[in-house]
Amino acid sequence: MLFTGYEYNDKLRFFSELEIEHGGVQDTADGDGALGGEVEVEQAYVEYDFVDNASARAGLFILPIGMLNETHEPDTFYGVERNSVEKYIVPTTWWEIGSMLTYTMDSGFKFEGAVHSGLNMSDDDGYVRGGRQKGSNAEAQNLAYTFAATYTGMQGLELGVSYHYEDDPSQQDGDGGYIEEGSLMEAHIAYNSGMFGLRALYAEWDFEGDGIEADNGDEQKGWYIEPSIRPLANLGFFARYEDLEYFKGSEKNVEIMSVGANYYLHEQVALKADYIDYKDNVDSSKDFDGFNLGVGLSF
């Protein structure tokens with residue numbers, strides 16, 4: 001990933017983020033030799049401080065929902081993979097085109113409100129993650145709205161809530177009413193005291209529409225809790241329990257238990273290892289357990 005920015009003056013700035021994911025991409029017009037990767041511009045916006053403690057943003061930006069969406073670099077979280085709740089419910093990483101206002105108080109409160117493009121979910125499938133438009137040729141027949149409030153006025157503590165609403169996440173009028181509207185509510189806490197840390201998050205989608213209700217995809221929700229300990233500056237251990245219900249072609253209901261460690265060669269370079277016990281409450285034949293090894297870094 002590459003972060004670039006430019007400060008025009010004390011009040012006006014530009015910020016962007018470019019990522020090459022999953023090993024790269026190549027021309028696959030003939031359908032052969034695909035590397036399965038992506039080149040993505042996840043952020044590209046201008047920001048203007050129009051009064052003290054308040055700013056306006058316009059362009060392509062990441063939505064202020066959850067803990068990982070805006071801060072998703074692999075050296076900033078435990079585990080080789082991101083947690084599944086913030087992958088399938090939020091869904092991280094989620095960026096849109098639009099405008100956003102931010103107001104920050106000296107007491108530690110921050111309030112954000114955005115109007116932007118929304119999801120473009122299939123008119124016969126309730127898979128939220130698959131509906132991300134990623135800015136390119138995004139359809140916006142129906143706009144979306146996101147509101148967030150965060151409190152960081154106490155050392156080591158972050159409390160946050162967010163609400164997201166879309167009038168029609170399928171972006172298709174006359175789609176037979178499969179999905180008519182959707183709203184996402186999310187709340188989280190992150191706390192660090194000395195060597196001990198705790199993260200917890202709950203998120204829930206509520207969709208309206210005859211088709212998605214018949215498929216049992218109208219309520220998609222999940223939560224996780226993640227205690228951690230970092231006895232050394234360069235070594236941390238974590239445990240995480242996740243419980244989520246989502247829709248991907250069919251109804252999914254899973255529980256995931258993870259334990260592992262991060263070893264930091266540098267503040268921004270981490271060697272990662274974890275063990276996962278995955279339980280599928282709908283289809284037990286998909287249960288599994290296994291190990292992950294990885295390297296997480298950012299610059």
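The values are calculated or read from the model by the stated rules, or taken from the named source; none is laboratory data. Here the structure is a predicted model, which is why all the values come from computation and not from measurement. Cβ placement follows ideal geometry from the backbone for every residue including glycine, while neighbour counts extend to all protein chains displayed.
Summary of computed values
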quantity	calculated
L201 being closer than 19 Å to N142 by Cβ and either in contact (Cβ under 8 Å) with a residue 60 or more places away in the chain or aromatic (F, W, Y) (or both)	no
Filtered residues of the stretch 100-155 (kept if among the polar types (S, T, N, Q) and touching a helix residue (DSSP H, G or I) at 6+ places or on another chain (Cβ under 9 Å))	N120, S122
Residue under evaluation T146, criteria (1) out of contact with any His (no Cβ under 8 Å at 6 or more places or on another chain); (2) assigned to a strand (DSSP E or B); (3) closer than 27 Å to L198 by Cα; (4) touching a residue at least 40 places away in the same chain (Cβ under 8 Å), criterion not met	(1)
Qualifying residue in the stretch 70-80 (condition: closer than 27 Å to L143 by Cβ, part of a loop (DSSP other than H, G, I, E, B), among the charged types (D, E, K, R) and modelled with pLDDT of 90 or more)	yes
One residue from E70, E96 being more than 17 Å from F238 (Cβ to Cβ), surrounded by fewer than 23 Cβ atoms within 10 Å (Cβ to Cβ) and among the acidic types (D, E)	E70
Subset of the stretch 104-116 that is in contact with a strand residue (DSSP E or B) (Cβ under 7 Å, 6 or more places away or on another chain), within 17 Å of L159 (Cβ to Cβ) and not hydrophobic (A, V, I, L, M, F, W, C) - its residue that is surrounded by the most Cβ atoms within 10 Å (Cβ to Cβ)	E112
Residues of the stretch 251-266 that turn out to be surrounded by fewer than 16 Cβ atoms within 10 Å (Cβ to Cβ) and more than 22 Å from the chain's Cα centre (by Cα), as a count	3
Residue list for the stretch 151-191, restricted to those being of a type outside the set (A, V, I, L, M), outside any strand (DSSP E or B) and within 30 Å of T76 (Cα to Cα)	T152, G153, Q155, G156
Criterion: free of Cβ contacts under 8 Å to residues at least 24 places away in the same chain and of a type in the set (S, T, N, Q) - qualifying residue of Q155, Q172, Q133	Q155
Residue in the stretch 84-113 that is nearest to Y127 (Cα to Cα), counting only those that are in a strand (DSSP E or B) and among the aliphatic types (A, V, I, L, M)	I97
Count - residues of the stretch 192-237 that are touching a Phe, Trp or Tyr at 6+ places or on another chain (Cβ under 6 Å), surrounded by fewer than 17 Cβ atoms within 10 Å (Cβ to Cβ) and in a helix (DSSP H, G or I)	0
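Quick grid of which residues meet (1) loosely packed, with under 15 Cβ neighbours inside 10 Å; (2) at pLDDT 95 or above; (3) closer than 29 Å to H266 by Cα:
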| site | (1), (2), (3) |
| --- | --- |
| V85 | no, yes, yes |
| Y88 | no, yes, no |
| M100 | no, yes, no |
| D125 | no, no, no |
| R129 | no, no, no |
| S136 | yes, no, no |
| E139 | yes, no, no |
